[in-house]
Amino acid sequence: MEWEALATVLTLLVIGVATPGPNNITCITHSAIHGSRSNKNLIFGMATGFIIVSCTIGLLVSKVEEGSTELKILHYFGLLFIFALALRVFTLNPALIDKEVETKSLMSLTNKTVTRVPILGFKTGMVMQFINGKEWAFVFAIMWLALDGFGGGWTGIFSITAITVTGGVLAMTLWTFIGGSLVDYVSDEHKGRMVFRTLGSLLFILGILLAIKGV
């Protein structure tokens, strides 16, 4: 395993679980309505779906031949994604966080006055991963940029998946119990901008290092 590959995986993982998305928003709002214990099966389903998505994308990425034109195209596509994401995260407006949460949660769960929302379980958590565009983009970027550094093939796929799933489950558990406090923190004008600019800068630096390394 190359340390650069590990740094790539961990950096993208942190960005993925720290920014608003279907998984963390659903964990926050579902626990707000039904209690933190209600998220256990939901998170288990999320992890299962993520494993399937991660292995599928990893297998597709591993099929691209080394030195091919496709390899170069996908490499620069991955870099473009990194820099675009860095810019997006760096310029996130903390004042819009509450609005983002309210408009992107599954089944409008952020409306805490809702009382008839059913308890979401394993199946919902798993199916969410197959329609989560943010997750597919992140997994592709991670697999494409770090797979070779983890040995390639199934060894690399399983290694990366193990790290990302473990991190994802821990993050969703954290969002479940203290998500409301975290949202309050990053929506603060000063603290939020500091967090997002730090994360955006880390992504930009990562992109520069990967660009220097080349294909």
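The values are calculated or read from the model by the stated rules, or taken from the named source; none is laboratory data. These numbers were taken from a predicted model, which means no experiment stands behind them. Quick reminder, even Gly has a Cβ in these numbers, built from the backbone with ideal geometry, and neighbours come from all protein chains shown.
Which of the residues spanning region 1-30 are touching a Gly at 6+ places or on another chain (Cβ under 7 Å) and either of a type in the set (D, E, K, R) or surrounded by fewer than 23 Cβ atoms within 10 Å (Cβ to Cβ) (or both)?
Met1, Glu2, Glu4, Ala5, Leu13, Val17
Quick test for you: out of Leu182, Leu170, Leu147, pick the one residue that is at pLDDT 85 or above, out of contact with any Asp or Glu (no Cβ under 6 Å at 6 or more places or on another chain) and farther than 19 Å from Ile57 by Cβ.
Criteria check complete, one pass: Leu170.
Kindly provide the set of residues from region 1-55 that are touching a Leu at 6+ places or on another chain (Cβ under 9 Å), in a helix (DSSP H, G or I) and closer than 26 Å to Leu209 by Cα, ordered by number.
Result: Glu4, Ala5, Ala7, Thr8, Val9, Thr11, Leu12, Val14, Ile15, Val17, Ala18.
Does Thr161 count as in contact with a Gly (Cβ under 9 Å, 6 or more places away or on another chain), buried (at least 19 other Cβ atoms within 10 Å of the Cβ) and modelled with pLDDT of 85 or more?
So Thr161 passes the test.
Modelled with pLDDT of 90 or more, assigned to a helix (DSSP H, G or I) and among the hydrophobic types (A, V, I, L, M, F, W, C) - does that describe any residue in region 190-197?
Among the residues of region 190-197, not one is modelled with pLDDT of 90 or more, assigned to a helix (DSSP H, G or I) and among the hydrophobic types (A, V, I, L, M, F, W, C), which makes the answer no.
Here's a check for you: in region 27-52, which residue that is among the polar types (S, T, N, Q) and at pLDDT 85 or above is nearest to the chain's Cα centre (by Cα)?
Across region 27-52, the extreme among qualifying residues is Thr48.
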